[in-house]
Amino acid sequence: MHTGIVRKIDELGRIVLPKELRKSLNINSGDDFQISINENKIILEKYSKLESFEDKINNIINCFVSVTNYKIYFVINNKIINNNETIKDNINRVIQERKVYISDKVLKNQISDNINEEGRMVIYPIVLNSDLLGSLILISNDNINNIVSNSKILNNLIKNIVSRE
């Protein structure tokens, strides 16, 4: 993909990524990047600690789903893990605030272009050492206090897995 954008490197070796590019790729201040070289090209890829633990995290989420019957979506870098769908902008804005979002009314929640779930919703960011690693979205018709409690337990389990490594 060639965008035709030319940027100069400053005296400290920095390059400014254009705002349009950051917005379209959901690049936010403080995001981690992995830098690699392929032939004569420098490759920048968003890095997520959670991706290396994806299988373990999905196993835990599947256990929660089997016990609670909740709909649980695991989000990293604006994408739902397992189906790679992009979450809606309004959901991403909530996640970027790094605060727990609670909707105690049973509503039709549009998570992505193809996912609409009815129920109460909790969006729980996964923050470790002040880094936003990802987020959990839980939807159910269960009592909102139970959903919040379960989302907190699930979040803590995930953070424990990541922090041990």
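Where a number appears in this text, it was derived from the coordinates with a stated rule and is not lab data. If you're wondering where the values come from, they're calculated on a predicted model, not measured in any experiment. Because the Cβ atoms are built from the backbone with ideal geometry, glycine has one as well, and the counts that use them run over all protein chains shown.
Brief remarks follow.
- Simple label model, 7 Å out from Cα along Cβ direction - Asn84 to Val100, nm: 3.4
- For mean projected area of the Cα convex hull in nm², calculated from these coordinates, the label among [x] 26.9; [y] 9.3; [z] 11.6: [z]
- Coordinate range along principal axes, alpha carbons of the stretch 80-165, Å, largest first: 37, 28, 23
- At R0 = 25 Å, FRET efficiency that the Cβ-Cβ distance of Asn59 and Ser149 yields, to 0.05: 0.75
- Excluding same-chain neighbours fewer than eight residues apart, the lysines reachable from Lys23 by a Cα-Cα span under 26 Å are Lys8, Lys41, Lys46, Lys49, Lys79, Lys88, Lys99.
- In plain terms, the chain from Asn156 to Ile37 could stretch by 39.3 nm, reckoned as 0.36 nm per residue minus the Cα-Cα distance.
- Helix 54-68 and the longest principal axis of the Cα set of the chain meet at an angle near 20°.
- Once each of the trypsin sites (Lys or Arg not before Pro) sitting in a DSSP loop with at most 13 other beta-carbon atoms within 10 Å is removed, the chain keeps 15-97 as its longest stretch.
- Normalising by residue count, the stretch 1-65 has a Cα convex hull of 157 Å³ per residue.
- Filtered GluC sites (Glu not before Pro), the stretch 35-92: DSSP coil and at most 14 other beta carbons within 10 Å: Glu39
- Tilt relative to the chain, helix 144-164 - C-alpha long axis, 0 to 90 degrees, to 10: 40
- Net length gained if the chain between Leu128 and Ile15 were fully extended (0.36 nm per residue, minus Cα distance): 37.9 nm
- Helices in the chain, meaning DSSP H runs of at least 4 residues, each add -39500 (n - 2.57). Divided by all residues, the mean residue ellipticity at 222 nm is -9500 deg cm²/dmol.
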